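Contents: one structure, followed by commentary.
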Amino acid sequence: MVAPTSFFLDYGCHVRILEEARVLQRLGHRVTIVTYYLGRDVPDLE
């Protein structure tokens, strides 16, 4: 998944990106998020 924003921050599109990634994981997909360098790590996501 490519996210043209810093990730993760607790607002707006970042929450949507996180929820989409979690749904994809529950469906059996391996998710890697490629994003800008700012933000913080989220457990269980690459």
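Every number in this text was worked out from the coordinates using simple rules, so none of it is lab data. Quick caveat: nothing in here was measured; it's all calculated off a predicted structure. Note that we place each Cβ from the backbone using ideal geometry, even for glycine, and neighbour counts take in every protein chain shown.
In the chain, Cα pairs under 8 Å separated by at least six residues give a relative contact order of 53 percent.
Size descriptors for the chain (Cα atoms only): Rg and Dmax, in that order, 9.8, 28 Å. Taking amide H positions as modeled 1.01 Å from N, with prolines and chain starts lacking one, the residues under 5 Å from Thr5 and 5 or more places away or on another chain are Tyr36.
As an exercise, identify the trypsin sites (Lys or Arg not before Pro) in region 1-43 lying in DSSP coil whose Cβ has no more than 10 other Cβ atoms within 10 Å.
Details: sites: Arg16, Arg22, Arg26, Arg30, Arg40; in loops: Arg30, Arg40.
In loop regions of region 1-43 (DSSP not H, G, I, E or B), the sparsely surrounded trypsin sites (Lys or Arg not before Pro) are Arg30, Arg40.
Rounded to the nearest whole Hz, the Karplus-based 3J(HN,Hα) values (6.51 cos²θ - 1.76 cosθ + 1.60, θ = phi - 60°) of region 6-19 follow the sequence 6, 8, 10, 10, 7, 7, x, 4, 5, 5, 4, 4, 4, 5, with x at glycine and proline.
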